[in-house]
Amino acid sequence: MNTFKLALRNLLRNHRRSLTTLLAMTIGAVSILLFGGYARNINYGLQTGYVQHSGHLQIQHKDYFLYGSGNPAAYGIRNYQHVIEVVKNDPVLAPMLTVVTPVLSLGGIGGNFAAGVSRTVVGSGVLVDDQNRMRLWNDYDFPLHPKKLALTGTAPDSAVIGTGVARVLQLCGPLKVKNCPQAQVAVASGADAPSDIAALSDQERVQDAAPTDTSPRIELLAANAHGAPNVASLKVVKAESQGVKEFDDLYVGLHLPQAQRLVYGAEQPQATAIAIQLKHTSQIPAATARLDALLGTTLKSEPLEVHDYATLNPSYGQITGMFSAIFGFIAILIGAIVLFTVGNTMSMAVVERTVEIGTLRAIGLRRGGIRRLFVTEGLLLGAIGAVLGVLVSLALAYLVNHGGLTWTPPGNSDPVPLTVRVWGEVPMIIGTAIGLMVVAVISAWWPARRAAKLEIVEALRHV
Amino acid sequence: MNPVILNKVAKHYRLDSVDVPALADINLEIHPQRFTVLSGPSGSGKTTLLNLIGCVDRPDSGEIIVAGEPVLALKDDALSDFRARRIGFIFQNFNLLPVLSAYENVEYPLLLNKTPPKQRRERVLSLLDAVGLADRARNRPGQLSGGQRQRVAIARALATEPTLVLADEPTANLDSHTGDAIIQLMRKMQRELKVTFVFSSHDPQVLAEADDVVSIRDGRITEIRRQEDVQ
């Protein structure tokens, strides 16, 4: 009859009280694990979204991230194709890569000059096939059905715009955008476009438009590499919500060659970033280290730097930080509840078993043995509560994940399945279980100490 | 050597702010392998004296030597080990551990003494057989009668082959027939195992079986009758 066995039998002696305590611990563990699973899911979901759209890492011209977002001419990567070749062919990096693709971001003015409206926009020139491959990345096995870019299979002068851009440029009707209210107040028309800009626009339109094409068109005005204005006439194939209104009101997606022609004209085309998507997020440190080494040696002709997705998307850190804080708050609350529940149970056990404690001490059990017995009972309560909590959490998570529930995360335009990620989250499960056991042991410690300090004679006399 | 020697032992309790003397100037030697009864009315100090002899309480002054060991010099853990090795206890309310079977209750002191498993098993079975409970070894105390529980308690007290067995009013919670049977059993075991038994009791059945009777009144020994003296 070792201490463990005796402690277990003592717990089974008063099943009702032990069950109540276990229930409290199980509910505590379930709360922690389900919220933890939900927060983990948010984390992975955000990460997946960022990685699918802009990769794990981006190589940019030095200081582009801080100062260059509106100035692709000054902060472009001149030899981006060479950089991509070096990265793709590097023996260390190659096994980690899924996609390496150039991106050109530019600022400009989008205009529907036919309607006399315009607004500032941010254009993003991409290679459509590469972007479609990037959207297949799903390292966390979300039940996703990635849609291809609306630019897929379109003419080189095609563009996709945010629904906000469509609204302002009065293109909701032709693009069949739903929920797109028209302004009730007449927009004051500005002055006509300068004659030279209008001429450029007309020239583009004549060159590119097929006579039978009825798709709406916009003119994208941007500064070229020499600071002079340049215009591209773009056929708008679709208006897509970008999730965040601020971005939706600015977005114009277009083919990379078209964007390069607009900014660099006939000169050597450049890119403002090279997006690198890895097979696994865990490879970021190794890949970054290798890229830094390459940028300092083979690619040192241009001042380049590497940023990861967390740096490029500061909201990622803010959102995950907020969930971590809430998780910590919930864990502390649950820990306090468990602390008092187990402490109360053990205190009652000490009072009820005072004569037994006296008897055990009389027949030769040391004070440490008494302490060990009650602490073991607390530990067992913690362990059983943790195991039950994990099992119930897994069952509830399964039900939630297969219940067909959806939600629209911040920054998303479409609802995604609501999932709670408990299964496979070994560190979280082990951490919660160990945490509960530690709290249970701590709460059993004080009653155990009190039991051990009982005077034998007083304990034997207890009624 | 006498298993118990008490020199000028005194003990008082403090109730609220009042000192209540429990024992005063106790000089006593318990002779080996005897059936000694501490006798006296309620509140006379029998149980206090038994607790001091059993090393579960400490006197205010005096000296106590048990099995040749000046026990007051021992620290708490050493005293616990000493009790586990040298002293067996039989309680008025049996005080068996309710979550353990009869077998496990008898086995428990042997586990404290780290007796090897094979030896432990033989000892437990032999004792349960000796107290007539070999067929109830798997029963828990709740499934046993009062007399059977006290038999298990006797077996437990004798498990470690102690020098001394102390029994505090062991028949007080038993009917006279069962109490008599328990006294006879203890007497038999005491003779067979050559152990020193010390009781606190005012039960005439117990007194009749005693080798030595120590009479106590108001915390003082008033008379010691030894069988040789009686004869």
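The values are calculated or read from the model by the stated rules, or taken from the named source; none is laboratory data. This is a predicted model, so every value here is computed, not measured. In this analysis, Cβ positions are derived from the backbone assuming ideal geometry, glycine residues included, and neighbour counts consider all displayed protein chains.
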_Testing residue B:160 on (1) more than 14 Å from chain A (Cβ to nearest Cβ); (2) under 22 Å from residue B:33 (Cα atoms), one condition comes back false. Which one is that?_
(1)
*Within region A:275-289, work out how many residues are among the hydrophobic types (A, V, I, L, M, F, W, C) and in a helix (DSSP H, G or I).*
4
*Would you list the helices (runs of 4 or more DSSP H) that sit entirely within region A:1-101 and hold 1 or more residues that are under 26 Å from the mean Cα position of the chain (by Cα), of a type in the set (S, T, N, Q) and within 30 Å of residue A:223 (Cα to Cα)?*
A:15-54
*Go through region B:201-231 and count every residue that is at pLDDT below 90 and touching a Lys or Arg at 6+ places or on another chain (Cβ under 6 Å).*
1
*Identify the single condition in (1) under 16 Å from residue A:12 (Cα atoms); (2) more than 12 Å from chain B (Cβ to nearest Cβ) that residue A:352 does not satisfy, given that it satisfies every other one.*
(2)
*Return the only residue of A:384, A:363, A:357, A:370 being closer than 22 Å to residue A:4 by Cα and without any contact (Cβ under 8 Å) to a residue 24 or more places away in the chain.*
A:363
*With (1) crowded, with 18+ Cβ neighbours inside 10 Å; (2) over 23 Å from residue B:170 (Cα atoms) as the list, and residue B:69 as the residue in question, which single condition is left unmet?*
(1)
*Would you mention how many residues in region B:93-109 are part of a helix (DSSP H, G or I) and either surrounded by fewer than 20 Cβ atoms within 10 Å (Cβ to Cβ) or facing chain A (nearest Cβ under 10 Å) (or both)?*
6
*asked:* Condition first: touching a Pro at 6+ places or on another chain (Cβ under 9 Å) and either surrounded by fewer than 19 Cβ atoms within 10 Å (Cβ to Cβ) or not β-branched (Val, Ile, Thr) (or both). Now tell me which residues in region A:115-129 satisfy that.
replied: A:125, A:127
_Test: residue A:334 is within 14 Å of chain B (Cβ to nearest Cβ), out of contact with any His (no Cβ under 7 Å at 6 or more places or on another chain) and at negative phi_ = no
*asked:* Quick check on region B:116-135. Is at least one of its residues modelled with pLDDT under 95 and facing another protein chain (nearest Cβ under 9 Å)?
replied: no
*Positions within region B:71-92 being more than 10 Å from every other protein chain (Cβ to nearest Cβ) and without any contact (Cβ under 8 Å) to a residue 40 or more places away in the chain, in sequence order*: B:71, B:72, B:73, B:74, B:75
*Is at least one residue of region A:386-408 surrounded by fewer than 20 Cβ atoms within 10 Å (Cβ to Cβ), more than 14 Å from chain B (Cβ to nearest Cβ), closer than 23 Å to residue A:143 by Cβ and touching a Gly at 6+ places or on another chain (Cβ under 7 Å)?*
no
*Single condition residue A:101 does not satisfy, out of (1) among the β-branched types (Val, Ile, Thr); (2) touching a helix residue (DSSP H, G or I) at 6+ places or on another chain (Cβ under 8 Å); (3) over 30 Å from residue A:302 (Cβ atoms)*: (3)
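Residue-wise test of (1) assigned to a helix (DSSP H, G or I); (2) more than 29 Å from residue A:227 (Cα to Cα).
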position	(1), (2)
A:247	yes, no
A:291	yes, yes
A:302	no, no
A:322	yes, yes
A:326	yes, yes
A:336	yes, yes
A:342	yes, yes
_Top-ranked residue of region B:26-65 - restricted to ones that are among the acidic types (Asp, Glu) and part of a loop (DSSP other than H, G, I, E, B), ranked as farthest from the other protein chains (Cβ to nearest Cβ)_ = B:60
*asked:* Restricting to region B:162-221, and then to whatever is out of contact with any helix residue (DSSP H, G or I) (no Cβ under 9 Å at 6 or more places or on another chain) and at positive phi, can you tell me which residue is surrounded by the most Cβ atoms within 10 Å (Cβ to Cβ)?
replied: B:218
_The listed residue being farther than 30 Å from residue A:97 by Cα and in contact with a His (Cβ under 8 Å, 6 or more places away or on another chain), out of A:351, A:355_ = A:355
_Within region B:140-171, tally of residues that are part of a loop (DSSP other than H, G, I, E, B) and either within 20 Å of residue A:363 (Cβ to Cβ) or among the β-branched types (Val, Ile, Thr) (or both)_ = 10
